[in-house]
Amino acid sequence: MSGAAPPVSPTRTPTAPAPAAPAAAKIVIAGGFGVGKTTLVGAVSEIDPVTTEAVMTAASRTVDDTAAVPAKAATTVAMDFGRITIDASLVLYLFGTPGQQRFWFMWDQLCRGAIGAVVLVDVRRFADCFGAVDYFERAGLPYAVVVNEFDGAPTFPAAAIRDALAVDARVPVLSCDARHRPGAKLALVALVEHALAVRRAAAARARAGRAVGTGPHVR
C-alpha cells in the first residue's frame with residue numbers, strides 16, 4: 001500500500017445566484033383622436049415601436065376632426081406597441097389604442113391583461129377623452145390622466161383638469177410632453193405606482209372581509 005497522500009480536489013469559487021428576471025406588465029395608452037398616443041409610445045420605447053398607421057384620406061377627414069391637429073396625415077387603425085425598462089425589476093409593454101370611436105371594438109382585446117392605462121388628454125378637446133375615462137371606470141382598470149403639453153395649448157392646474165373630467169381624487173392627474181422621453185417615463189411610473197396601490201388596497205379589503213367571515217360568532 002502506497003503512502004502517497006490522496007489528491008486534493010481544487011477549491012471551487014461559489015457562484016453568485018443569477019439575477020432574477022424583471023417582472024413584465026402591460027400598460028394601455030388611450031385617449032382621443034390625434035392626442036399623441038403613437039408619439040408617446042415612440043418616444044419612450046427602447047425598441048423600434050410597432051405602429052399600424054394608415055394615411056388619412058379625404059373621406060376620413062370628413063369623419064375625423066383634424067381642426068386641432070391640421071398637420072396630422074396618418075392615423076392608428078389597430079394599435080401601437082413598444083417596450084420600456086423602468087429598472088432592473090420591471091419592464092413595461094405599451095399598447096396604444098386607436099382613438100376613433102369606430103375602432104373601439106378592439107379595446108377589449110388590447111386591454112386584456114393590462115395592469116393600468118394612461119388616458120392622454122388634449123386640453124383643447126376635453127370631450128375627446130371622456131370615452132376612454134368612462135371605459136376604464138366601467139372596466140375597473142386603474143388609470144392615470146396625463147395632459148399632453150401641445151405647443152400653444154393653454155395650461156390648467158391639476159385640480160381644474162380633475163374637475164373637468166369628474167375623476168376620483170385618487171386618480172393621478174399629471175402632464176408631460178409626449179415627445180420627450182423623461183417626462184413620459186415619469187407618467188408611466190406614476191401609473192404603475194397607482195395601479196399597485198389599487199391592488200394593495202383591494203387585497204387588504206379582501207383579507208379584512210375573510211377575517212370578518214371567519215371570526216368568532218357571538219350568539
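Nothing in this text is a laboratory measurement; each read-out follows from the coordinates by a stated rule. These numbers were taken from a predicted model, which means no experiment stands behind them. FYI the Cβ positions are ideal-geometry reconstructions off the backbone, even for glycines, and counts take in every protein chain you see.
Some observations on this one:
- For trypsin sites (Lys or Arg not before Pro), the sites in region 109-160 that DSSP calls loop and that have at most 10 other Cβ atoms within 10 Å are Arg112.
- Amide H partners (placed H, <5 Å) of Tyr143, local residues excluded: Ala117
- From least to most packed, judged by other beta carbons within 10 angstrom and beginning with the fewest, Thr51, Thr97 follow the order Thr51, Thr97.
- Order by protection proxy (mean Cβ within 10 Å, highest first), peptides 28-38, 161-171, 191-201: 28-38, 191-201, 161-171
- Rounded to the nearest Hz, the phi-derived 3J(HN,Hα) couplings of region 155-164 under the Karplus curve 6.51 cos²θ - 1.76 cosθ + 1.60 (θ = phi - 60°) are 10, 9, x, 4, 5, 5, 4, 4, 5, 5, where x marks glycine and proline.
- Between the amide H of Ala178 and those of Glu149, distances stay under 5 Å, these residues lying 5 or more places away or on another chain, with hydrogens modeled in the peptide plane.
- Whole-Hz couplings from phi, Karplus 6.51/-1.76/1.60, listed for region 21-35; x for Gly and Pro: 5, x, 6, 10, 9, 9, 10, 9, 10, 10, x, x, 5, x, 8
- For region 89-177, convex hull volume per residue from C-alpha positions, Å³: 118 Å³
- A Förster radius of 30 Å, combined with the Cβ-Cβ distance separating Ala169 from Arg207, puts the computed FRET efficiency at roughly 0.80.
- Rough spin-label spacing in nm, given labels placed 7 Å along Cα→Cβ, for Arg199 and Ala24: 1.5 nm
- Between the amide H of Leu90 and those of Ala23, distances stay under 5 Å, these residues lying 5 or more places away or on another chain, with hydrogens modeled in the peptide plane.
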